[in-house]
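Below is one structure, written out as structure tokens; comments come after it.
The values are calculated or read from the model by the stated rules, or taken from the named source; none is laboratory data. Every value quoted in this text rests on a predicted model; they were computed, and no experiment measured them. As a convention, Cβ positions derive from the backbone with ideal geometry for all residues, glycine included, and neighbour counts pool all protein chains shown. Just so you know, the surface numbers come from the protein's heavy atoms only, side chains and all, with ligands and any DNA or RNA stripped out. Shrake-Rupley method; radii C 1.70, N 1.55, O 1.52, S 1.80 Å.
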Amino acid sequence: MGEGAADAEGAADAEGAAGTGRAVGTGRAAGAGRAAGAGRAGSVPRRSIWTRDFALFFTARGVAKLGDSMLPVALAAGLLRYGHGAGAVGLAMASSVACFAGLVIFGGVLADRFNTRLLMTGADVARLITQSLAAVMFFTGHVVLWQICVIGAINGAASAIFQPGVAGTVPRLASDVQAANGAVRVAESGAQLAGPAVAGMLVALASPGLVFAAHAATYGISALCLLLLRLPPVVRTATTGVVTGKGQPTPPLAPAPARGAFRSELVEGWREFRSRRWLWGVIAVWCVLMIGAWGPAVPLVAVQVTQEYGPRAYGLVNSALGAGTVIGGLLALRVRPRRMLRAGALALFGFALFPATAGAGLGVPWMMAGCAVAGAGMSFWGVMWATSVQTQVPREVLNRIHAYEVAGSIAMQPVGQALSGPAAAAFGTHEVLLTGGVVTLMVATTLISVPAIRDLVRADAAQRPPHTSHAPHAPHAPRVHPPRPPEGRPDRRPGRRHGRAETR
């Protein structure tokens, strides 16, 4: 990695340090506005993220993700217990995903038009109600598949309203957007790691209805945290794009047009999305990853490991993948690359080990090690990507662009999953998984080969004002003395009496 990365002490990357000749903590009056000993050239300043409001948001995201990771276990155990098959489980899950993918773009427009915090809170309240109804159905034994699918569809629609607001909330709560994303990623990864185990324990002790009740409670906690949240006001200027509050400055904004029709704002979001080559370029490449690697790998690795080593081995492999995502989030808290997408693409090479180790038929310990590296690489990329989107896109269109980004990211995943079965039947499971590893390497190589992606400089580094400590000092203006009165007349200049200077 040519630029390197700055650690917590503010070490500079190689490119940022070249040729700048900066001094550290010079103490001159001209540099009084800078913190003493700010670090070497090219370093990115570190700012605290742990405020009351960010802690509330952090709690809301972690608790809600814990409930979301419990849901697949509850659905599978509950529907199978009441006589439904694997197809019913897939249909119930698909109802939620389909509504989310189809409506998230419209949720982005709503998030830009209305109060984001209230929209997110309302979405949590809606899911609290639906999951409570599902809990009652499973507790009473009245489980009807179409009703479960309707509940899933409502949950998907609520998630489509909730998710776009996440992108715009993080920069308003934390001055260090990367650190905030890293912290949230660690919380979500830890919740995803613990959620299935908690759900399995609740199913064994009571019933699937208890898992749905716990899931509903997580949405209640999330809604309460968001309700208590105080988002700082956002003030935009046409020339600077400055955002007040705790967020970083964003790119300059055009003068805000009057609110138009819903469709016109949808089209405006698409235009803004399409105008950024690095943005749509990543999404286009990501679709290839979804079809050729991620989509097939998730079901095929589960089947392959379970058939060859048993369900316990698959649990260990899945836990290693989750532990890796925690490690990647922690790494993203400390590593500060100047070119974030390049660093993320380099980390993404490690994700190739997820399908490749299973496809190569390696033992469980090797698969666990490969999945840990894969999880860390994917998690680090996720933080780099999220931070780039949140800091490079003007706030007035951020929620809409994030909605397009999310929709594009997940659109091809069901296609890859649907093709995994026929591909495995035609070519073999091992061969498809090994191909997935090769596709991942090709995707990562493509990301670092596109200049618009590879050379995108992080926003806080690009907007840092030029250093002027070594600029030549301006010459002092000559001192101008007041004219002396003609000789023989009393001096009546201020401070003088009867021709003699007044002393104080």
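The single residue among Ala88, Ala74, Ala92 that is at pLDDT below 85, open to solvent by less than 70 Å² (accessible area, probe 1.4 Å), small (Gly, Ala, Ser) and under 28 Å from Cys225 (Cα atoms) turns out to be Ala74.
Could you list all residues from segment 95-131 that are more than 19 Å from Thr169 (Cβ to Cβ) and either touching a strand residue (DSSP E or B) at 6+ places or on another chain (Cβ under 9 Å) or at pLDDT 90 or above (or both)? Hits for segment 95-131 are Leu128, Ile129, Thr130, Gln131. Within the set of pairs 6+ apart or on separate chains, which have a first residue in segment 282-300 that is within 18 Å of Gly350 (Cβ to Cβ) and of a type outside the set (A, V, I, L, M, F, W, C), a second that is crowded, with 22+ Cβ neighbours inside 10 Å and at pLDDT below 85, and C-beta atoms under 8 Å apart? Pairs found: Gly292/Gly416. The helices (runs of 4 or more DSSP H) found wholly in segment 286-377 and carrying at least 1 residues that are surrounded by fewer than 23 Cβ atoms within 10 Å (Cβ to Cβ) occupy 295-309, 311-334, 340-348. Looking for something of a type in the set (Gly, Ala, Ser), crowded, with 19+ Cβ neighbours inside 10 Å, closer than 22 Å to Phe114 by Cα and modelled with pLDDT of 85 or more - is there at least one such residue anywhere in segment 204-213? For segment 204-213, residues of a type in the set (Gly, Ala, Ser), crowded, with 19+ Cβ neighbours inside 10 Å, closer than 22 Å to Phe114 by Cα and modelled with pLDDT of 85 or more: absent. If the condition is being open to solvent by 10 Å² or more (accessible area, probe 1.4 Å) and touching a Leu at 6+ places or on another chain (Cβ under 7 Å), then segment 149-178 contributes Cys149, Ile151, Ala157, Ile161, Gly168, Arg172.
Can you tell me which condition Cys99 does not meet? The list is (1) over 25 Å from Ala386 (Cβ atoms); (2) open to solvent by 30 Å² or more (accessible area, probe 1.4 Å); (3) among the hydrophobic types (A, V, I, L, M, F, W, C), and all the others hold. All conditions pass for Cys99, except number (1).
Selection of first residues in segment 413-429 that are over 21 Å from Val285 (Cβ atoms) and of second residues that are open to solvent by less than 60 Å² (accessible area, probe 1.4 Å) and part of a helix (DSSP H, G or I), restricted to Cβ pairs under 8 Å at least 6 apart or on distinct chains, gives the following pairs, ordered by first then second residue: Gly421/Pro299; Ala424/Pro296; Ala424/Leu300; Ala424/Val432; Thr429/Leu300; Thr429/Gln304; Thr429/Gly359. Every condition in (1) open to solvent by less than 70 Å² (accessible area, probe 1.4 Å); (2) at pLDDT below 50; (3) out of contact with any Gly (no Cβ under 9 Å at 6 or more places or on another chain) is met by Thr250 except one, and the failing one is (3).
Just for segment 402-450: of the residues that are among the β-branched types (Val, Ile, Thr) and within 24 Å of Ala94 (Cα to Cα), which one is modelled with the highest pLDDT?
Selected residue: Val432.
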